[in-house]
Each structure stands twice: as structure tokens, then as C-alpha cells.
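Below is one structure; the comments refer to it alone.
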Amino acid sequence: MTMPTPRERIIVIGGGIQGCAAACFLAKRGQQVTLIEKDHIGRHASGVNAGGVRRLGRDPCEIPLSLAAMDIWTSLDDEIGGHADAFHPCFYLKVALDEAGHALGLARVDSLRQAGFRHEVWLEDSDIRSRLPHLSGRTFGGILVEGDGWAVPWRIVQGFARAAVRHGATLVEDCRVLDLKRDGEGWQVNSSKGTFAADQVVNCAGAWAAALARRAGEPALPLSPHAPMLAVTDRRPPILPAVMGVLGHTLSLKQLDTGQFVIGGGVRARADLDKNRGEVAIPELASSMRLATTLFADIASTQIIRCWSGIEGYMPDNLPVIGRGRQPGLVHGFGFSAHGFQLGPAVGEALADLVMGRQPRVSLEAFDPRRFESAA
Amino acid sequence: MTAGSHYDLVIIGAGPAGMAAGIEASRGGLRVLILDDQPAPGGQVYRHISQNAVRREAVPYLGGDYWSGQALADAFAASSAELWSESRVWQITGDRQVFLSRHGAAQSVSAGAILIATGAMERPMPVRGWTLPGVMSVGAAQTMLKTAGSGADGAVFAGSGPLFYLTIWQYLQAGFAVRAVIDTAPAKMTLAQYWLALPALLQPGLLLKGLRWRAAIRRKTDYFVQATSVAITGEEQVTGLSFTDAGGKRQTIPAEHLFIHQGVVPNVSLTMASDLAHRWCSRQLCWHPRTDLFGESSVAGIFVAGDGMGIAGAAAAVSSGRLAARRIIARARGIALPMAPVWRLLKWRQAAIRPFLDSLFRPPDEWRVPQDDKAIVCRCEALTKADVAAAIALGVSGPNQLKGYCRAGMGRCQGRMCSLTIQKMIHDHGGQPEDKVGHLRIRPPIRPLTVGELAALANDDANA
């Protein structure tokens with residue numbers, strides 16, 4: 001922040017939360033940003049995910065990034081104005097439904113404490129039941145994070161996109177990148193809407209990012225596309241003021257202010273990159289439904305009114321790729337493996353730092369794209 | 001998850017197309033299952049036919065076309081096709097698994113081939129006041145007549161289309177008084193329509209029947225034609241209807257019961273949710289699944305028959321059901337299917353009157369998009385035309401992006417009631433052709449499915 005940075009032409013590819021947040025921070029810092037999206041903003045995983053804004057249950061090396069993101073979430077109004085009301089902080093609770101879950105949870109809280117993190121705390125069943133009087137059966141305790149919550153994903157993504165535009169970025173939707181090649185000191189991006197020149201390129205293309213990196217001359221990255229799946233029910237009186245999960249399971253359960261329950265978590269529908277959509281396979285949600293009815297028997301009679309999925313890119317170690325590529329002027333931010341929504345604001349900031357040669361707030365070492373090269 | 005039983009052919013919908021296919025395929029030696037959401041087979045057109053047949057004298061007003069379905073229903077009952085009534089199919093997958101709810105639990109069956117014969121639904125009619133108590137669709141009025149013999153004395157009918165006239169005629173035959181009939185079909189027939197009328201002469205019986213209905217209606221009701229600027233009045237309950245008549249005079253008709261109708265469109269919920277390719281039919285102003293001559297869709301092994309592939313009426317539905325069944329039998333047996341051109345000709349012959357009817361009863365724009373800003377467009381989310389228009393003005397690339405902007409189409413009807421209206425509004429705003437605007441993505445479950453029913457699938461798994 002000491003020297004004035006030169007104004008560079010930056011192309012951000014991918015209008016998901018990472019790309020929109022990156023474009024927002026870069027434009028805010030005076031860069032000349034073009035955000036290219038092949039469909040429309042938030043079309044895939046970013047716009048249609050469960051909207052969980054959680055620090056709970058993160059891989060330890062992701063926690064500093066997640067905590068940094070939470071700082072931005074709580075002051076979201078400063079970043080995206082008008083859309084910040086889409087974030088609903090409450091509390092996140094991951095309960096144990098058996099002895100195994102109980103042991104798993106206690107060990108988790110303990111190990112985090114030893115690593116110096118105190119945001120996850122253990123709650124006994126009685127405390128859980130006083131917070132959630134509508135719970136049907138007893139639990140074996142659970143992990144609580146106060147202040148975690150949920151957001152309306154597409155509105156947050158829209159918010160970052162609009163903020164980027166307000167700061168001077170150009171948004172180009174329905175624009176598919178066909179090719180990407182070095183051009184002198186910079187890049188030439190050929191797209192379905194013409195050719196763009198850039199000094200640097202930020203690759204936030206989600207499930208399509210590895211193919212894009214390959215075109216840019218990067219080593220192969222082991223990304224696989226899947227489509228996490230969700231279901232929403234009809235409206236019921238409010239009984240659940242928190243976001244819930246179950247230890248040892250992939251359930252995610254919340255109740256929106258409309259009274260609708262959103263049930264999902266971890267289940268992967270088939271992703272069809274060519275057809276640009278995920279095939280919803282409802283029966284795969286059956287075990288999540290059973291867990292939801294175990295927690296709240298009343299949910300059994302609600303009607304599922306819609307199921308959907310969004311295509312997301314997964315890495316083998318379930319950690320994202322955030323860092324500079326082998327090629328000069330290329331920065332990657334993808335592979336969030338279905339838990340990147342909460343990280344988004346901090347990732348956007350970190351990507352902006354990488355592009356501008358600044359030291360990011362938190363270490364990105366664990367997310368280095370090169371970590372797969374040695375493994376191979 | 002445990003795999004359900006396997007059938008050579010699973011048919012969804014026991015209307016004329018489904019029953020005909022079931023009869024044909026079981027005769028051909030296939031193991032056939034028909035899934036139908038009603039208590040008894042018949043579909044919409046032959047609804048309740050077996051129950052009505054035993055008291056035929058009590059319900060003479062249903063007419064000869066209706067009773068012509070009885071032979072089909074009898075043949076179906078006598079066939080070896082298995083029927084599961086009150087079964088709600090909520091998803092089929094590309095690998096031909098059929099998921100359904102029945103007796104309060106979800107289950108699945110697998111199929112060698114699937115035939116979707118889910119018929120037609122009434123085109124939604126979003127005019128101001130269409131959601132008021134006392135306003136019903138003409139199809140709903142006819143359903144009450146068929147199932148319970150009940151009707152409303154002194155009702156007013158507004159709209160157009162073959163079903164509109166048939167139902168009014170049935171109402172009159174049943175002895176109910178009809179206060180007024182307001183036909184909204186546009187003014188005069190054009191020259192093109194006269195040309196289209198030529199093949200319709202191959203079906204003189206149908207033409208004469210239409211003229212007979214019209215004459216009866218003219219005789220027994222206050223009959224208005226070429227009505228425009230129709231507005232439904234009332235605050236808590238419908239109180240009447242106002243419109244501009246053919247002479248340009250504003251008319252007001254009081255009504256406690258108002259039945260409205262603007263034709264029928266294929267019910268594409270299941271075909272769209274199953275990811276079959278569709279094409280926009282500019283003649284019928286609705287989406288049709290893309291199929292080959294035999295009704296096979298863009299997904300191999302999934303067929304469509306009947307009005308669900310394009311509105312052509314009950315007789316053509318029977319032919320298309322049989323044709324699909326023959327193709328499925330031939331494929332299962334590994335034999336060639338002769339006579340295809342004959343079938344095609346027959347199908348065309350049975351629907352010869354369609355282009356004429358489609359043109360005559362083409363819904364005017366004012367019934368496709370409300371004129372009044374306060375008219376409800378999306379019933380589930382209670383969004384008015386103004387609400388949806390404001391979201392469209394933000395600049396959307398299509399109906400699916402619009403969902404994110406204003407929730408239109410995100411309610412429990414999955415856009416069945418607003419999809420065509422939204423599409424037209426986006427078309428009117430941006431000018432791109434309607435087929436390019438596209439339709440709402442329909443996501444399963446397309447029929448009601450409770451969390452508990454779906455949870456039962458996991459329990460089965462655990463016990464397996």
C-alpha cells in the first residue's frame with residue numbers, strides 16, 4: 001500500500017463468487033477489470049449452493065482464510081452495499097446422533113483448541129435442546145459456532161458483481177472463453193464475443209478451470225466436476241433458528257425466513273459439463289431426508305417442491321487451488337470442492353493481492369497449484 | 001438403494017394414449033406397467049368412465065365422444081397390463097428408472113422402455129382477477145360434471161377453444177342454466193385460415209358438431225363473440241366480467257361463477273424434467289417434446305404419446321399410443337416395423353382438423369400476458385405483472401435467470417402456471433424469438449413428494 005500500483009488490464013474468467021469477489025477487490029483498487037462469464041452471474045455452484053456461511057468443520061489449514069472471510073461477511077455492507085441483507089448470521093450446530101459422532105466431535109474441538117482456534121465449542125444435549133426446543137429426539141451433544149449462518153447465494157454473488165461494476169469493472173455475460181494464449185508480456189483471450197487483451201488473467205472458472213488452465217499452458221490439474229444437490233420444501237412455521245449438520249454425515253439443514261426448509265449437503269448429482277448442467281437424482285437425497293426427519297419429526301410431512309444442483313469443481317484433497325500459475329500473469333482460484341462459498345470474500349481479496357504482487361492476509365501455502373505436481 | 005421390479009414397458013398416464021399403448025404392448029407379449037395418478041383410468045377426456053358407464057342413463061349429457069372411450073377402457077381392463085392407480089411419478093432418469101410415490105412411500109421401478117402419456121393441461125389465463133374465488137377453469141368445471149354430475153346454475157363462460165364449446169354444450173345438456181357465453185376468439189377468419197380449413201373437411205363430423213354446439217349456445221344463452229379487453233371484477237369474490245363486444249361497446253355481466261378457458265397445451269412437466277429435447281410450436285404457441293414418427297424422444301428408450309407430444313385430440317392419442325407400443329415391441333423382439341407410413345397417414349388424418357382449430361382458437365396476446373399491471377402472473381409467489389416486468393427490466397437472459405431476480409416460477413407449481421406468460425413477457429421486452437427466450441428449467445420432483453416419503457427410500461436401503 002506504499003507505492004501507487006500501475007493500472008493493469010485484468011481479465012477475470014468465471015462469474016461465480018470467487019471471480020466476482022476478485023473482480024470487486026481489483027476494481028476497487030483501481031485496476032481495469034473485465035469479468036467474463038460463459039452463462040450468467042452465479043449460474044452454477046456459486047448461485048445455487050446451500051448458502052451455508054460457516055467456519056465450522058473446516059480443514060485446519062483453511063481456518064485462517066475462513067476467519068478472514070468472516071470479517072468481511074460481518075462488514076459486508078461496506079463491500080457490496082444493497083445486497084448485504086442476504087446474509088443471515090445465526091449459529092451453526094453440528095450434532096452427534098450416536099456415540100461415534102460424540103467421540104468425533106469432542107476430538108475435533110480438542111484438536112482445534114490445541115491449534116489455537118476457539119470458535120468451535122462443544123455443547124451438551126441439554127444446551128442444544130434449550131436452543132432448539134422443537135428438536136425431536138435427544139442428541140449426544142454437538143459442536144457450535146456462534147455467528148455462522150446462511151446467505152441467499154445468488155444475491156451475494158450478484159452483490160459482488162454489481163459492486164465490481166460500480167467500481168468500474170466491465171461485466172461480459174454469455175461469453176465463453178475459447179482460447180487463452182500468451183501475447184508478448186500479457187495474454188490474449190479469445191471468446192465467443194471477440195478477443196480481449198490483458199496483462200493478467202484470473203482463472204475462477206470453477207468446474208471448467210482445469211481445462212482453461214491447460215489451454216493456458218499450465219500442467220494438468222486433477223479437478224473433477226460434480227454437482228452438489230439440494231432440495232427445498234414448502235412453507236412451515238419457524239422451528240429452526242440455526243443451520244444444522246450431523247457429525248459423521250453430510251447433511252445440511254436450515255429453515256429460510258419464508259419458512260421453507262433447505263435440505264442437502266455433500267450429495268453429488270451427475271455433472272454434465274457438455275450440457276452445462278447437473279442431473280438431479282433425488283433418491284440420492286433420501287439419507288439426508290431421513291436425518292432431517294430424525295432431527296425434526298415434523299419435517300416428514302412437508303412437501304419437497306424443488307430439487308436442484310449446480311456444477312462444482314472438486315480437488316482430490318478437497319482443498320482449493322489458490323495461487324500463481326506456472327505461466328506469468330496467471331492466477332488461479334478454483335476447486336473449492338463444494339465449500340468455497342463462505343471463503344469467497346477472502347479469496348477475492350487474496351486473488352487481488354496475488355495479482356497486484358501484495359502479500360495476502362493469510363498464508364495460501366496449502367492451496368498452491370503446484371502441490372499436485374510433486375504427487376504426480 | 002434397492003432396485004424395484006423391472007418391466008419391459010412402463011407407461012405414465014392412463015388416458016387414451018396410455019391405455020391404447022398398454023393394450024397393444026401387452027398383446028405383443030410385453031410385461032407392462034401403467035402408472036396413473038387418478039383413482040381410475042381414463043385420463044382427462046375419459047375421466048371416471050368406468051364408474052359412469054354403470055349409470056349411463058343418469059349422465060346422458062356427456063355425449064357420444066365421451067362414451068366412445070368405454071370400449072377402450074374395457075379392452076384395457078381386460079388386458080394383462082398392470083395398473084397402479086393413485087401413483088405419482090416424480091422423476092424418471094436417463095437410465096430408465098421411474099420414481100414414484102404410492103401409499104405414502106416412495107419407490108422405484110426400472111423399465112426397458114418408458115412411454116410418457118401425461119396428456120394436456122389448460123393454458124393458464126392470467127387476466128386480472130383470475131385467482132379470485134368463484135373463478136375456475138372450464139376444465140375444472142367439466143371434471144366436476146364428469147365425476148360428480150355437479151355444476152353451477154347461472155354460470156358465465158369466457159374464453160375460447162374446442163373444450164370451451166364442448167363443456168358449455170354438456171352443461172346445457174345436463175340442464176344447467178348458462179347466463180352468458182363470451183367468446184374471445186379474434187374477429188374474422190383470414191384467408192390463410194380458410195386454406196387451413198380444407199383438410200379439416202376430412203373431418204366433417206367434427207366441424208358439424210362444432211356448428212351444432214354453437215347453434216345450441218346461441219339459442220340458450222346470451223352469446224357474445226370477438227370480445228376483447230376482458231376484465232374480471234370483484235375484490236373478495238368474483239362479481240362479474242366486463243369486456244368490449246364486437247360492436248365496440250363495453251359490456252358488464254354479473255357472475256357468481258365464472259369459467260374461463262384459452263385452449264390446452266401439452267403437459268410437459270415430466271418430459272422437461274426428464275431432460276428431453278423440446279421445440280417451440282409457433283402454431284400452438286407452446287412447447288412440444290421433439291420426437292420421431294414413433295414418438296421416441298431425444299433420449300433413447302423414452303417415448304411420448306398423446307396430447308403430451310402436441311395437441312391432437314383423443315383419437316390421434318390412441319393412434320400415437322399404439323404406434324409407440326408397436327415400435328417398442330418391435331425393438332424388444334428385434335424385428336422390423338412395417339407399415340410406418342400408413343400409421344403416419346392415419347395419425348395425420350385423425351388430426352386433420354387441428355391446424356384449422358389451432359388457427360381459429362389461437363389465444364390472443366391479451367390472454368397470454370395480462371393487460372393489467374396488477375394481474376397476478378406467478379400464483380405461487382403472488383407476483384403481479386408489474387413485479388415480473390420490473391425484474392425483466394433489470395436485464396435477464398431468460399426465465400431461469402429471472403427466477404433469481406424475483407422468484408417467479410420457484411413455487412410449488414414449478415412454473416406450470418407462469419412459464420408461458422414469463423416467456424412471452426421476456427420476448428415482448430427484448431424482442432428475441434420465443435424459442436430463443438426458452439423455458440423455465442423444470443426440476444424434479446414434478447409431483448408432490450414429502451420429505452417422509454423420500455426418507456422411506458433410505459430406510460429400505462438400510463434394511464436391504
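Here, each number is a calculation from the coordinates, and none is a lab measurement. Quick caveat, the model's predicted, so the values are computed rather than measured. Cβ: placed from backbone, ideal geometry, glycine included. Neighbour counts: every protein chain shown.
Among the DSSP beta bridges whose two residues both lie in segment B:124-262, what percent are antiparallel, rounded to the nearest 5?
The antiparallel fraction comes to roughly 35 percent.
For chain A, what does the relative contact order come out to in percent, with C-alpha contacts under 8 Å and a separation of six or more?
24
Checking a compactness column here: for segment B:124-262, what do you get for Rg(Cα) / (2.2 N^0.38 Å), N being the number of residues?
The value comes to 1.06.
Gain in length, B:MET189 to B:ALA58, computed as 0.36 nm per residue apart minus the alpha-carbon separation, to one decimal in nm?
Residue separation times 0.36 nm, minus the Cα-Cα distance, leaves 43.3 nm.
Taking the protein assembly as shown as a whole, which cysteines find no other cysteine Cβ under 4.7 angstrom from their Cβ?
Here A:CYS20, A:CYS24, A:CYS61, A:CYS90, A:CYS175, A:CYS204, A:CYS307, B:CYS281, B:CYS286, B:CYS380, B:CYS406, B:CYS413 come out as lacking a disulfide-compatible partner, given the Cβ-Cβ threshold of under 4.7 Å.
Can you work out ³J(HN,Hα) from phi for every residue in segment A:156-165, in order, using Karplus 6.51 cos²θ - 1.76 cosθ + 1.60 and θ = phi - 60°, giving whole Hz and x for Gly and Pro?
5, 5, 4, x, 5, 5, 5, 5, 4, 5
Would you mind estimating how fast the protein assembly as shown diffuses translationally, via Stokes-Einstein at 10 °C and 1.306 mPa s with the Kirkwood radius over Cα pairs, in µm²/s?
Value of D from the Cα-based Kirkwood radius: 54 µm²/s.
Would you please give the residues with an amide H less than 5 Å from that of A:VAL33, counting only those at least 5 places away or on a separate chain, with H modeled from the backbone geometry?
Placed amide hydrogens put A:ILE10, A:THR170 under 5 Å from A:VAL33.
Which loop GluC sites (Glu not before Pro) in segment B:74-137, with loop taken from DSSP, have no more than 15 other Cβ atoms within 10 angstrom of their Cβ?
Listed in order of number, the matching sites are B:GLU86.
Once you have the Cα-Cα distance between A:SER130 and A:ASP77, take 0.36 nm times their residue separation minus that, and quote the gain in nm to one decimal.
15.9 nm
Tabulate in residue order the Karplus-calculated ³J(HN,Hα) for segment B:245-261, using 6.51 cos²θ - 1.76 cosθ + 1.60 with θ = phi - 60°, rounded to whole Hz; enter x for Gly and Pro.
Those phi angles translate into 7, 4, x, x, 8, 7, 10, 10, 10, x, 8, 8, 10, 10, 10, 10, 6 Hz.
Taking amide H positions as placed 1.01 Å from N in the peptide plane, with prolines and chain starts having none, which residues 5 or more places from B:CYS281, or on another chain, fall under 5 Å of its amide H?
B:CYS286, B:TRP287, B:HIS288
Tell me which trypsin sites (Lys or Arg not before Pro) from segment B:140-238 have a DSSP coil assignment and no more than 11 other beta carbons within 10 Å of their own.
Those that pass, being in a loop and sparsely packed, are B:LYS188.
Can you give the relative contact order of segment B:124-262 as a percent, counting alpha carbon pairs under 8 Å and 6+ residues apart?
Averaging sequence separation for qualifying contacts and normalising by length gives 37 percent for segment B:124-262.
Along Cα→Cβ, 7 Å out, is where each label goes; now give me the distance between the ones at A:ALA115 and B:SER80 in nm to one decimal.
With each label point 7 Å from Cα toward Cβ, the separation is 6.4 nm.
Please compare each pair in A:LYS254/B:LYS403; B:LYS146/B:LYS209; B:LYS249/B:LYS385; B:LYS146/B:LYS347 to a cut-off of 24 Å on the Cα-Cα distance and tell me which ones are over it.
B:LYS249/B:LYS385; B:LYS146/B:LYS347
Does segment A:1-67 come out rounded, prolate or oblate by the C-alpha gyration tensor, with a ≥ b ≥ c the root eigenvalues, rounded set by a/c under 1.5 and, if not, prolate when a/b is larger than b/c and oblate if not?
Because a/c hits 1.5 or more and a/b fails to exceed b/c, segment A:1-67 counts as oblate.
Across bins of 10 angstrom width beginning at 0, how are the C-alpha pair distances of segment B:263-401 distributed, in whole percent?
10, 31, 30, 17, 9, 2
What list of ³J(HN,Hα) values in whole Hz, one per residue of segment B:53-70 in order, does the Karplus curve 6.51 cos²θ - 1.76 cosθ + 1.60 (θ = phi - 60°) give from phi, with Gly and Pro shown as x?
Along segment B:53-70, the couplings run 4, 6, 10, 4, 5, 6, 10, x, 5, 6, x, x, 4, 4, 5, 5, x, 5 Hz.
Mind listing which trypsin sites (Lys or Arg not before Pro) in segment A:1-84 are in a DSSP loop and have 14 or fewer other Cβ atoms within 10 Å?
A:ARG7
Considering Cα pairs under 8 angstrom that are at least six residues apart, work out the relative contact order of segment B:1-101 and quote it in whole percent.
Relative contact order comes out at 31 percent.
Compute the acute angle (0 to 90°) between the alpha-carbon long axis of helix B:340-350 and the principal axis of greatest extent of the alpha-carbon atoms of chain B; round to the nearest 10°.
Rounded to the nearest ten degrees, it is 30.
For a quick check: sort A:SER191, A:SER111, A:SER309 by the number of other beta carbons within 10 angstrom, fewest at the front.
Going from least to most buried by this count: A:SER111, A:SER191, A:SER309.
Around B:TYR223, which amide H atoms from residues at least 5 apart in sequence, or from another chain, sit under 5 Å from its own amide H, with H modelled in the peptide plane?
Residues meeting the criterion, in which the H sits 1.01 Å from N, are B:VAL181.
Bin width 10 Å, alpha-carbon pairs only: give the P(r) of segment B:239-304 as whole percents, running from 0 to the bin holding the largest distance.
Going out from 0 Å in 10 Å bins, segment B:239-304 shows 17, 31, 17, 16, 17, 2 percent.
In chain B, what is the volume of the convex hull around the alpha carbon atoms, normalised per residue and reported in Å³?
152
Run the simple label-point estimate for B:VAL342 and B:HIS103 please: 7 Å along Cα→C-beta, distance reported in nm.
4.3
How large is the helix-only mean residue ellipticity at 222 nm for the protein assembly as shown, computed as the sum of -39500 (n - 2.57) over DSSP H runs with n ≥ 4, divided by its residue count, in deg cm²/dmol to the nearest 500?
So the calculated ellipticity at 222 nm is -9500 deg cm²/dmol.
When the Cα centres of segment B:103-169 and segment A:339-376 are compared, how far apart do they sit, in Å?
For segment B:103-169 versus segment A:339-376, the Cα centre distance is 57 Å.
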